[in-house]
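A.B. asks: One structure coming up, written as structure tokens, with questions to follow.
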Amino acid sequence: MSSDDVSDSGPIPPSCRAPWWVVTVESNVRRGRVPRQAIRRAVAPLGAGEACRGCVRVVVVGDSYMRRLNRTYRNRDRSTDVLAFPLDSSFPVPVESGLIGEVYCNYDHSRRWSRRYGGTITAELSRLAVHGCLHLVGYDHHEPAGRRQMTAAENRYLRAAGLLESRSE
């Protein structure tokens, strides 16, 4: 398996069938430490805060895997920071499984961001995971009002997890 391959994680965990928000964090990066607990801590309150139930799979990948996803599903031949895939009737996942979507976060992007702007990889990966999960529950940032709402929600969850860092773009 190359460093950018994500293996099939197998069947949906039984805990995803529970009537609350369940977050699993997986990684395929070989260099660096993926802060699974911090990501879960940032994303876990989102279910109650947004009145959502189900299971979300957060997968941390590298640039080349993210580029393949972006090329395949968005027709953009470049890497990106985060992709969110809400599961619906077009995916072969039984409704009773409770899986509502997958969020892919780019570790390499987070490492570059933290070096450039002085934050931490943990905070950036957590922000990307929260951002992706907000997309799964219906947030969008294509219009200014939606962008303000989404940024406020991101900040609320990151602050609650003790991971809010100032960012400049």
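A.B. asks: If you check LEU158 against the conditions, is it of a type outside the set (Ser, Thr, Tyr), modelled with pLDDT of 95 or more, part of a helix (DSSP H, G or I) and closer than 17 Å to ILE39 by Cα?
C.D. replies: The answer is no for LEU158.
A.B. asks: Quick one: HIS141 ticks every box in (1) modelled with pLDDT under 90; (2) closer than 23 Å to ALA51 by Cα; (3) not in a helix (DSSP H, G or I) bar one, so which box is it?
C.D. replies: Condition not satisfied by HIS141: (1).
A.B. asks: Identify the residue in region 95-119 that is in a strand (DSSP E or B) and of a type in the set (A, V, I, L, M) and, among all such residues, is modelled with the lowest pLDDT.
C.D. replies: LEU99
The values are calculated or read from the model by the stated rules, or taken from the named source; none is laboratory data. From a predicted model like this one, the values you see are computed outputs, not experimental measurements.
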